[in-house]
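Beneath this line is the structure, given in structure tokens, with notes to follow.
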């Protein structure tokens, strides 16, 4: 089974890039983050696939969606629970298959403000998310993918710097991520299969997102960060054949990531 995940940063704006990617990659499941569509824009037909969109209450932000190949028959499709005190942001789509769950997720970005409002929101969201994953894993293993808005290790930043008071770099969010991995017995599949900085350029890139810059300078110079991940239950690791970064595919400030697991 082939799964692709991509922060598309507005599905309608990058429709041509998305259609090209899904046609060339032909995944069984294509997970998207930051779809930025309204309720009345949910229909987005792709031949051979069924789509399930989870737009945010403020549709110009956030939102997730999945495209599932017609030959794949999910047992259920579900969306995230609202987080008390916040507007609904459409951050999760969960696909239940016969022997595992696939969770498409878009994690909150903890942008800096003097009151740490967004960091507090992210930590509350992560706590609720871990509870949710724990409940899923009581039933069957999970694969979690998406833009997790966090640089986990120095090797995941182009400059090797982690100590920053900025979104994606707070020690508190890395601690919450480590807690999720350790307590729920999850594995960062890319780093597990590629423990060094990079494999071969033709097979896999290093980073998944690049800050906006004039003439796409940051991307051309590969000044990026790895903030998009595939996590998997430890019990599934012997069946995972590939976890790579498709940094040759353009169309967003992120690139897609791909995972292949024995069917």
If the chain between residue 185 and residue 111 were fully stretched, how many nm would it gain, using 0.36 nm times the residue separation less the Cα-Cα distance? 23.8 nm
Have a look at the DSSP beta bridges in the range 1-160 and tell me what percent are antiparallel, nearest 5. 65 percent
Taking R0 as 41 Å and r as the Cβ-Cβ distance between residue 120 and residue 77, the FRET efficiency 1/(1 + (r/R0)^6), rounded to the nearest 0.05, comes to 0.85
Listed values (i) 155; (ii) 142; (iii) 128, entry calculated as volume of the Cα convex hull per residue in Å³: (iii)
The residues 71, 208, 64, sorted from fewest to most surrounding Cβ atoms within 10 Å, come out as 71, 208, 64
Mean separation of Cα contacts under 8 Å, 6 or more apart, over the residue count of the range 51-197: relative contact order %: 18 percent
Round to the nearest 0.05 the FRET efficiency obtained for residue 16 and residue 58 when R0 = 25 Å and r is the Cβ-Cβ distance. 0.45
Only counting other Cβ atoms within 10 Å, I'd like 235, 22 sorted with the fewest neighbours first. 235, 22
Express in nm, to one decimal, how much length is gained between residue 215 and residue 41 on full extension, taking 0.36 nm for each residue of separation and deducting their alpha carbon distance. 59.6 nm
Difference of contour (0.36 nm per residue) and Cα-Cα distance, residue 23 to residue 163: 46.4 nm
Most exposed first, judged by fewest Cβ atoms within 10 angstrom, 103, 206 run 206, 103
Using alpha-carbon pairs under 8 Å, 6+ residues apart, how would you state the relative contact order of the range 105-192 in percent? 33 percent
Mean separation of Cα pairs under 8 Å and 6+ residues apart, divided by the residue count of the chain: what relative contact order is that in percent? 19 percent
Using a Förster radius of 25 Å, what is the FRET efficiency between residue 196 and residue 134 based on their Cβ-Cβ separation? Nearest 0.05, please. 0.20
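Read-outs: derived from the displayed coordinates by stated rules, not from any lab. Computed from a predicted model, the values in this text were never measured in an experiment. FYI the Cβ positions are ideal-geometry reconstructions off the backbone, even for glycines, and counts take in every protein chain you see.
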